[in-house]
Amino acid sequence: MATDTSSGVIKQGLVLTCTKCSTKNFLDPYPFWNFSGNTKCATCDTLYAVKFVKGQQVSGPTASTGKADLLPGYAEDKNGAPVTGEGKIRPAPQSRPDPFTGQQKQVTKSLRGKPLSGSRLKKEDLVGSRARFIADLHKV
Amino acid sequence: MATAPDFETYCQQLFDHKTAAGKPEVLKGYRVLSCTQYILGPSCASYLAELGAEVIKIEAPRRGEPMRHTTPFNEPLLYPLSRWVPEAGTGLGFFGANPNEEFVSLDFHRPEARQAMLELAAKSDVMVQNYRPGTFDRWGIGYQHMSKVNPRLVYQWLGGFGGWGPGRVRASYDILGQAMGGAFGITGEAADRGGTPAKHTIWLADYWGGMMAAVSILAALYWRDTVSGEGTFIEYSQVHGVTRQLESALPLYGRYGVRRERWGNWDTELCVHGIIQCGKSSYPDSKNPQEAEVGYILVSAHTDEDFKKLCDVIGKKDLATTFAKHDDRVKAENQTTLYEALEIWAKDKNKEDVATLLDKAGINNQPVWNAKEVSENPHWKMRGSVQWIDDPNFGDLHHQGPAFKMSDTPPRIKWALKPVGADNEKVYGRLLGWTKSTLAKMEEMEVI
Amino acid sequence: MADMKHKVLSWPAVPIPTPDEVYAGLTDQAKEYPLSLEAQLRQSENFKKPECLTTIRVLDLSKGMIIGNWCSSMLSELGADTIKCEPPDGDPLRWQTPFGRKEYMVKDAETDEPIGLHFLHEMRNKQSITLDLEKEEGRELLKKLVVHCDVLIENYPPGQFDAWGIGYRQLKEINPRLVYAWVGQKGQWGPSKDKPGNLDPTAQAACGFVHGTGLPKEFGGRPTRSAMWMADHVGGTATAMGILAALIYRDKVSGKGQFVEGTAAEGVIRILDYNWAWYGFDGSIRPRYGNWDLAINIYAVNPCKDGYFMVGGGHDRLWYRIWRTVGQTRSDLEDEMLDDKSLRVVTARLPHLKQVKTYTILADWQKDFSRADAMRELLAQQVASGGVNYIDEVAEDPHFKYRGHVDEFEDRLYGKVLYGTTPFLAHKAPGRLKWIGRPLGYDNEEIYLKLLGLGPTDVAGLKKRGVV
C-alpha cells in the first residue's frame, strides 16, 4: 500500500499492513473514521496504537501495549487469504445463528415446511406443469 | 332483525383479505406496459397490478432485468430464472416490486421490437418506463411516438433527476436520491452523540417514489376517463419526491436561515416521543444476533397528562414538576435530560417489560419489532399485512400485503413474480397475433 | 430566537442558472430533446393547463398526525377542492414547532395568528374550516357537509365516528357516492389496533423499519427512526392511491363510494422489499446494515473529506470505471482491487467481509476528496454518485432550483415561503401550488354559506355556540 515517509511517520491510511507479518488489516470507515486507541493485527495479534481524524491517520501506527479497543473489520494475510474468526476481526452482522456463506442457498421447503422452489433446477424439471413440479416437491 | 355487528367486527369482515379474491377489481380492463428495471419503475407498475390492471412487464431476453440478480448476501433465490436458464434463480431483490404481472421479454434495440411496442401501446392505457431520458425517443418509442398511435395513453417516465436541467444526464439510485434530496442528511443520531447520517433502509425513494407516480397515473386516468379523454406525459424525478418530504426544513431555512440537523431517535416537535434503549434483550438465549441484541421501544407521552403518568411510572415525580409544560420538555437540552432518565429506568428491563408497565399506566408505546416479530405478530397476520401465498410458480412464499385496504374492490396479491419471458406466447399471441412460427423465429433471433 | 442576529440571505443565494448556461456547449440537435421536455413540463406553465381532480371535493377531518394531511395534500396538489376541517381550537399540528420555538412559526397578514411550518407545508391548496364534532350540532352539520363531498378523510380513534353516528356505515346512507378513508398508524381493527395518540414513528417501529435502519451494532450503531414522519408520508400516499382507485371505480362502474383504510405501518410493510420473503425462505431476520447494502455492491454511502458521499455501481462495467477513477490519484488502491480476482462479479462482492474490503479501500480514496470533487471525478466516468446534501445545499442545488423542486412562493397571506414543490410534473394536467395555507377557520363563512346555504347570522350563531 501507499506509504508516505516524508514526515518520518509511516502513513498507511485505512489499510494497516502489519510490519511483522504483512497482513493487510482493513480498518473499515464507520468505526475507524474518528478513532483513537489500540487495534491489532488479525494474524499475529501485534498491537498498534492508531489515531484517525476524519479518516486521516494523524498518528501511528506505533507499537502498543495493553489490549485492542477495536478489531479490524476484515483482514487478508500476505498471501491474500482471508483471516477471520472470533477475536481476530469484528463479527459480521448476521440474520441467523449460522454465519452467511455468501453462497446461493439450496432450499426446497419454506420456513413453515411447505414446498418452495429455492434450489437449482435442470431442464427436465421444467417439463410438464408447475403443478406437477410442486407435487413432486411434496415428495422430497 | 340481526343486530348490527360492533364496529371492529364490521371492519374485520369488510376488509378481510381472504375474501378479496371474490370481489371486483378497480383496474380490470386497463392495460399497462411496464418497461422498467430496478425498483422505482417496477414498483410503480406493480401497485397498478395489485388493483387489477393487466401489467405487462417487458424485460431483456434471457437474463431479465438487473434486480433479478440481486439478493441479500447472495443467498436466497427462486428458481428457475427462466425456461432457458433453469439452473439460475431470481434474487429476492426483485421481490415485492413485480407482483401480479405478466412477464414478456423483448430486446428494445431491435427494429422488430419497435414495431411490437407500437402495436402494444396502441392497445394499452398506461406505459411506464425508467430508461435514461431520451433513450426511448431515440429508439422511436418515446412519448412523441406513442401518443401518435394512442392519444389516450398515459405515459409515465420515472427516474433520478428528470430529463432536463443541469443534472439531466446523471444516473441515480435510491440512496443517491435520498442523499441528494435531503432525507439522508437529517436522519440518524446527531454528530455530537457520535452519530452519522443514515439511509432509510428500504429503498424509500424508489418504492415510495413509485407510489407517488402511481398516484399521478391514477389521477391522470381519472381525468382522462371522466373529463378529457386525453392521455398525457408525466415525469417523476425521485430526488424531487424526496425533497417534497422534508417537512418544515425548507420553509425554516428559507425564512430564518436555520439548517435542520439530525435529531436521532427523538422528535423535534414532541417530547416525550422518542425511541429509547432498554438494557436487556427479549431473547437473551438466542444465537441470532438480531435477537440477542438489547431491545428498543418508542415511548410517547407528550401531553401533560401522559407525561405526569410517565414520571410516576419511572419514579421521578420531580421531573413532572420541573418539566410540567410541553414547551419546556421539548427544548433540546431538556429532551436530553428526559431521555437519559428514561434509559436509566429501562436499564434492567427488556422491551416487553417496559411495554407492560407503560400499558398498565395507559401510556402509548411501541416496541421496535424486527422482521420476525412483525411476521409472527397476530395483528399483522390477521390484517394480511404479511401473508403466506401459494404462488403458482414458486410455491410457499411469505409476502407483504397491499399498502392499503378497500372494502369493495380491494387490491390483492395473486402471485409474487414469474420467470423471464413466462408469458411470451400468451401476450404476443393474444395481443399481436404472433403465430407459433413467428414466436419461434423471434426467439431464435433473440428479439424475445 | 429573539436574540438571533445573523443575517438571513434571500433565496436563492446563488442565481438560478439560465437555459443558455445549462445547455451551453451542446449542439442544436443535442439541445432539442431537453428543451422539448422543458416546454412540456416547466412548472411556470402550470396555470395555463387544467387540473386532474377539479371535479372532486375532499373533506379532511384528520388531526394530530401528518398522515391525513399528507394524503389530502396529494389530492389537493392535483386539483381537488380540499377543505381541512379542524376542531375549533385547531389541529394540534398547527401549533407544533421544532423544540417549542415560537419564533420559528410564521404569522399571516390578516389575523396575525401563528402557524407551525410543518403544518403549513401540508396545508397547501386547502381551505380551513372549523367544526366541533364533540357536539351533536357539529355532527349534524357534518352530515350536511358530506352530501357535497366526494371524499372524507379521518383519523379519529377506531370506532369513534361510528359511535358518534357519523362513521362509514351511517354516512354511506346519507351519501352513497362518498369515498370514506380512515388513516392511522396500525389500523382500526385487529388485536393491536390504534390507541388514541399513536403517532409516527409508532408505525416505523411496529413494521420493522426502525430495527433495520442505522448502523449495525458491530459498527457501534443502534436502530434508528427516520427524521421525518416518513411512515405517515408512505401511508398517506398509499391511501391517496386507494381513494383515487375508489373514485375511478365509482365513476366508471358502480356509482357508489366505498371504505378505504390506510395505515402508516402497512404502507411501509408493503415497501420493505424482501424482509418478509427472506424470513419465509429460511427464517432470516434482516439485519441493520448501515449505509451499505445487503444485495448490491458497490452501492453505499461512506464518509469523505467534508461529509458523506454515495457511490453506486450496480453492475460490473461500473466496477472498473470506479477503480479507474480512483487510480488516477491512487494507483495503489486501483491495483489492490483489480488484482483481487475474487471481487470481479457483483455477487461475489456481497459477502460481508468483501464489502468491508471494498468500502475500506474506497473510503481511503474518498478521505482526500470533498463531496464536490469526488463527484466531479466519478461523473466524468458516468458513475452515479453524489454527496449527502444538507438542507442549505438542497435549497441551493442548481438542478433543483432550475427545475423548481425547491421554490419560493409569494403567498397572499404568509408572504414568501420556501417549500418543496409537488413532484407531479405533467404535460397536460400537472400538480401545482395555488396557495400555501390558511389560518384556522379562515374559510368558515365561504364554505358554510356556499355548501350548506347558511346565512351569515347562522354562522355567527354557530360560532357563538362554539360549534365552529
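Quick one: would you say residue C:183 is part of a strand (DSSP E or B), buried (at least 24 other Cβ atoms within 10 Å of the Cβ), at pLDDT 95 or above and facing chain B (nearest Cβ under 7 Å)?
Taking the combined requirement at face value, the residue does not satisfy it.
Yes or no: the range C:48-62 includes at least one residue that is part of a helix (DSSP H, G or I) and either crowded, with 19+ Cβ neighbours inside 10 Å or at pLDDT 95 or above (or both).
So far as the range C:48-62 goes, yes, one or more of its residues are part of a helix (DSSP H, G or I) and either crowded, with 19+ Cβ neighbours inside 10 Å or at pLDDT 95 or above (or both).
Here are the criteria: (1) modelled with pLDDT under 95; (2) surrounded by 15 or more Cβ atoms within 10 Å (Cβ to Cβ). Tell me which single one residue C:85 does not satisfy.
All conditions are met except number (1).
Within the set of pairs 6+ apart or on separate chains, which have a first residue in the range C:379-390 that is more than 18 Å from residue C:363 (Cβ to Cβ), a second that is among the hydroxyl-bearing types (Ser, Thr, Tyr) and not in a loop (DSSP other than H, G, I, E, B), and C-beta atoms under 7 Å apart?
Short answer, once both residue conditions are applied: C:379/C:385; C:381/C:325.
The rows are residues; the columns are (1) farther than 30 Å from residue B:29 by Cβ; (2) of a type outside the set (A, V, I, L, M); (3) out of contact with any His (no Cβ under 9 Å at 6 or more places or on another chain); (4) at pLDDT below 95.
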site	(1), (2), (3), (4)
B:225	no, yes, yes, no
B:230	no, yes, yes, no
B:235	no, yes, no, no
B:250	yes, no, no, no
B:266	yes, yes, no, no
B:276	yes, no, yes, no
B:279	yes, yes, yes, no
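If you go through the range C:422-433 one residue at a time, how many are surrounded by fewer than 24 Cβ atoms within 10 Å (Cβ to Cβ) and not aliphatic (A, V, I, L, M)?
Here the count works out to 3.
Give me the helices (runs of 4 or more DSSP H) completely within the range B:162-262, filtered to those with at least 1 residues that are charged (D, E, K, R) and at the interface with another protein chain (Cβ under 7 Å from one of its Cβ atoms), ordered by residue number.
Fully inside the range B:162-262 and qualifying: B:238-244, B:249-256.
Might you check whether a residue that is within 25 Å of residue B:187 (Cβ to Cβ) and basic (Lys, Arg) occurs anywhere in the range C:368-382?
yes
Applying the selection to the range B:364-392, what residues are buried (at least 20 other Cβ atoms within 10 Å of the Cβ) and more than 21 Å from the chain's Cα centre (by Cα)?
Within the range B:364-392, B:364, B:365, B:366, B:367 meet the criteria.
What single numbered condition from (1) in contact (Cβ under 8 Å) with a residue 24 or more places away in the chain; (2) more than 14 Å from residue A:15 (Cα to Cα); (3) surrounded by fewer than 21 Cβ atoms within 10 Å (Cβ to Cβ); (4) facing chain A (nearest Cβ under 8 Å) fails to hold for residue C:329?
Residue C:329 satisfies every listed condition except (4).
In the range B:101-123, what count of residues is obtained for those that are buried (at least 23 other Cβ atoms within 10 Å of the Cβ) and in a loop (DSSP other than H, G, I, E, B)?
Residues in the range B:101-123 being buried (at least 23 other Cβ atoms within 10 Å of the Cβ) and in a loop (DSSP other than H, G, I, E, B): 2 in total.
So is residue B:34 part of a helix (DSSP H, G or I), more than 9 Å from chain C (Cβ to nearest Cβ), under 19 Å from residue B:419 (Cα atoms) and not aliphatic (A, V, I, L, M) or not?
For residue B:34, the condition - part of a helix (DSSP H, G or I), more than 9 Å from chain C (Cβ to nearest Cβ), under 19 Å from residue B:419 (Cα atoms) and not aliphatic (A, V, I, L, M) - is not met.
Are there any strands (runs of 3 or more DSSP E) wholly within the range C:345-427 with 1 or more residues that are in contact with a Pro (Cβ under 7 Å, 6 or more places away or on another chain), and if so which?
C:415-420
Looking only at the range C:194-210, filter to residues that are in a loop (DSSP other than H, G, I, E, B) and more than 7 Å from chain B (Cβ to nearest Cβ); which one of those is modelled with the lowest pLDDT?
Going through the qualifying residues, I end up with C:196.
For residues that are in a helix (DSSP H, G or I), facing chain B (nearest Cβ under 7 Å) and touching a residue at least 60 places away in the same chain (Cβ under 8 Å), tally how many sit in the range C:211-243.
Total meeting the criteria: 8.
Quickly run through the range C:11-42 and pick out the residues that are hydroxyl-bearing (Ser, Thr, Tyr), within 10 Å of chain B (Cβ to nearest Cβ) and not in a helix (DSSP H, G or I).
The answer is C:23, and nothing else.
Could you please give the count of residues in the range C:247-272 that are closer than 20 Å to residue C:183 by Cα, among the hydroxyl-bearing types (Ser, Thr, Tyr) and facing another protein chain (nearest Cβ under 7 Å)?
0
Tell me, please, whether a residue that is charged (D, E, K, R), more than 22 Å from residue C:233 (Cβ to Cβ) and at the interface with another protein chain (Cβ under 9 Å from one of its Cβ atoms) can be found in the range C:405-418.
yes
Of these, A:110, A:129, A:119, which one is hydroxyl-bearing (Ser, Thr, Tyr) and either modelled with pLDDT under 90 or more than 16 Å from residue B:79 (Cα to Cα) (or both)?
Exactly one residue qualifies, and that residue is A:129.
Answer yes if at least one residue in the range B:16-35 is in contact with a Ser or Thr (Cβ under 8 Å, 6 or more places away or on another chain), surrounded by fewer than 22 Cβ atoms within 10 Å (Cβ to Cβ) and among the small types (Gly, Ala, Ser), and no otherwise.
Looking for residues that are in contact with a Ser or Thr (Cβ under 8 Å, 6 or more places away or on another chain), surrounded by fewer than 22 Cβ atoms within 10 Å (Cβ to Cβ) and among the small types (Gly, Ala, Ser), one finds none in the range B:16-35, hence no.
From (1) buried (at least 18 other Cβ atoms within 10 Å of the Cβ); (2) touching a residue at least 24 places away in the same chain (Cβ under 8 Å), pick out the condition that doesn't hold for residue A:93.
Of (1) buried (at least 18 other Cβ atoms within 10 Å of the Cβ); (2) touching a residue at least 24 places away in the same chain (Cβ under 8 Å), only one is false for residue A:93: (2).
Only one of these conditions is not met by residue C:297: (1) polar (S, T, N, Q); (2) more than 26 Å from the chain's Cα centre (by Cα); (3) within 23 Å of residue B:13 (Cα to Cα). Which number is it?
So the condition that residue C:297 fails would be (3).
Identify all residues within the range A:65-94 that are more than 9 Å from chain C (Cβ to nearest Cβ) and over 18 Å from residue A:14 (Cα atoms); write none if there are none.
A:65, A:66, A:67, A:79, A:81, A:85, A:86, A:87
Just one of the numbered conditions (1) touching a strand residue (DSSP E or B) at 6+ places or on another chain (Cβ under 9 Å); (2) part of a loop (DSSP other than H, G, I, E, B) is not true of residue B:55; which one?
(2)
Among the residues in the range B:391-409, are any more than 7 Å from chain C (Cβ to nearest Cβ), in contact (Cβ under 8 Å) with a residue 60 or more places away in the chain, among the aliphatic types (A, V, I, L, M) and touching a strand residue (DSSP E or B) at 6+ places or on another chain (Cβ under 9 Å)?
Checked against the condition, which is being more than 7 Å from chain C (Cβ to nearest Cβ), in contact (Cβ under 8 Å) with a residue 60 or more places away in the chain, among the aliphatic types (A, V, I, L, M) and touching a strand residue (DSSP E or B) at 6+ places or on another chain (Cβ under 9 Å), the range B:391-409 yields no hits at all.
The values are calculated or read from the model by the stated rules, or taken from the named source; none is laboratory data. In this text the structure is predicted, and so the values were computed from the model without any measurement. Quick reminder, even Gly has a Cβ in these numbers, built from the backbone with ideal geometry, and neighbours come from all protein chains shown.
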